Amino acid sequence: MSESGHSQPGLYGIDRRRRWKEPGPGGPQNLSGPGGRERDYTAPWDRERREGSEETSAAVMQKTPIILSKPPAERPPTPTAPAAPPAPAPLEKPIVLMKPREEGKGPAATASASTPEGTAPPPPAAPAPPKGEKEGQRPTQPVYQIQNRGMGTAAPAAMDPVVGQAKLLPPERMKHSIKLVDDQMNWCDSAIEYLLDQTDVLVVGVLGLQGTGKSMVMSLLSANTPEEDQRAYVFRAQSAEMKERGGNQTSGIDFFITQERIVFLDTQPILSPSILDHLINNDRKLPPEYSLPHTYVEMQSLQIAAFLFTVCHVVIVVQDWFTDLSLYRFLQTAEMVKPSTPSPSHESSSSSGSDEGTEYYPHLVFLQNKARREDFCPRKLRQMHLMIDQLMAHSHLRYKGTLSMLQCNVFPGLPPDFLDSEVNLFLVPFMDSEAESETPPRAGPSSSPLFSLLPGYRGHPSFQSLVSKLRSQVMSMARPQLSHTILTEKNWFHYAARIWDGVKKSSALAEYSRLLA
């Protein structure tokens with residue numbers, strides 16, 4: 001206290017600060033204790049000095065930044081990117097879904113259809129789910145899709161193994177011929193059961209007069225051998241009883257196909273006197289467009305020949321003696337009334353100069369059956385080739401250049417250029433002459449026993465050898481395209497049925513029959 005009775009504030013404040021800072025028995029004295037006036041009292045000058053020290057320490061602490069984070073409960077929600085779909089779990093076997101591509105549904109429509117309802121669309125970079133995925137489902141296993149190229153309908157997801165095995169099996173093997181055209185000149189559909197959907201097929205037809213051996217030749221070329229019984233041939237040959245009666249064995253057109261997919265068509269005899277006799281004696285009613293029996297028989301023969309010239313790759317003309325001029329006249333007439341090759345729908349039918357180039361003509365082979373020994377003489381052989389070439393000079397049929405007896409070593413002593421104009425001519429001897437020639441002649445009293453053991457002179461190769469050479473040459477012939485489109489076996493059958501129907505309704509044949517009457 002001063003003498004005036006007033007306290008000195010400066011001394012009081014200094015003394016107070018000292019008392020507060022002096023350490024006591026329990027540390028520095030705190031005014032917040034029992035003797036203090038306030039618990040959290042801080043002097044003004046201490047606050048100023050503390051604030052200054054805090055500013056200095058804050059400036060020092062900026063050199064080492066400390067990142068503070070709030071508790072997870074107090075953190076505000078932050079936008080997060082959509083989570084990617086979980087990776088598909090590995091499977092032991094993938095599932096293959098075979099589904100056709102639906103028209104009118106593009107990739108965008110498919111992606112929108114596969115997105116679950118109520119969810120945001122996936123980002124553009126994410127791949128779209130497969131087509132086979134249903135709504136509301138996520139892919140949990142790999143899915144593969146197989147597209148059927150060239151097929152209008154979808155293949156089943158699981159094919160029956162029995163059905164698949166049945167499709168791979170070849171058709172039933174034919175044991176005998178069946179009817180393609182019956183004796184009433186009507187088409188038969190039973191042959192389609194033996195046909196396949198493949199294009200590697202050869203069609204061989206035959207024409208000839210009555211009794212020339214057409215059925216026997218076709219049987220030997222298709223499935224039989226000369227050693228077999230003729231009653232077991234696939235094409236029934238003329239029996240002895242039928243020969244005595246002067247009748248024909250085959251009527252209409254018979255069909256047979258081998259396991260090598262070669263079709264053989266055996267036909268009734270052309271210009272047959274036995275068919276004419278049957279029409280006259282049995283009083284069979286003729287179609288209204290024919291007035292005379294012989295006109296009907298000739299028109300039947302022309303229909304069959306024109307049909308073969310359109311649907312066959314090779315046509316064999318069998319004759320048993322050389323030669324009948326009426327046979328060549330008949331071939332030229334059949335070529336004249338032959339139906340034209342159907343043109344594609346997109347081509348104009350009024351195109352000029354292109355009909356001859358696109359018209360189809362088969363290979364024509366002249367088979368001289370029951371040939372004698374002198375027919376194999378080189379000089380006689382040259383005369384036969386020259387005569388056939390002159391008779392067929394104006395024909396468009398492929399009658400030369402595709403078959404040769406000189407190239408198959410039938411005449412080993414003749415050079416390849418021996419024949420000036422070689423046509424498709426082949427000679428086959430009598431089938432019974434083989435056994436007769438192998439029978440040794442009886443030794444006479446003045447003959448040597450050595451010559452009696454030698455086989456007799458035949459002048460030609462054996463019957464089996466010639467038939468084998470003929471078969472190999474016919475089977476190796478070129479197979480030109482029958483129409484403007486490639487035909488399978490079944491397509492050929494439908495094409496042949498359409499051609500047969502067109503031949504029966506042909507205006508050219510109707511006009512020709514009117515001129516004959």
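Tabulated values for the structure
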read-out	value
Potential lengthening between ILE192 and ARG458 on full extension [0.36 nm per residue; Cα-Cα distance subtracted]	91.3 nm
Distance in nm between pseudo-label sites at ASN282 and ARG382 (7 Å out along the Cβ direction from Cα)	5.0 nm
Carbon plus sulfur fraction of accessible area for the range 369-428, probe 1.4 Å, in percent	49 percent
When each of LYS338/LYS370; LYS175/LYS504; LYS214/LYS504; LYS380/LYS469; LYS285/LYS490; LYS469/LYS490 is checked by Cα-Cα distance, pairs over 27 Å	LYS338/LYS370; LYS175/LYS504; LYS285/LYS490; LYS469/LYS490
Contour excess over end-to-end distance, with Cα ends at GLU374 and THR323 and 0.36 nm allotted per residue	16.9 nm
Farthest positive-ward along the range 216-314 dipole, Cα basis, beta-carbon charges - from SER251, PHE264, VAL297	VAL297
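The values are calculated or read from the model by the stated rules, or taken from the named source; none is laboratory data. Everything quoted here is computed from the prediction, not taken from an experiment. Counting neighbours? That spans all protein chains shown, and the Cβs are built from the backbone with ideal geometry, glycine included. Each accessible area value is taken on the protein alone, full model and side chains, heavy atoms only, with ligands, DNA and RNA left out. Shrake-Rupley method; radii C 1.70, N 1.55, O 1.52, S 1.80 Å.
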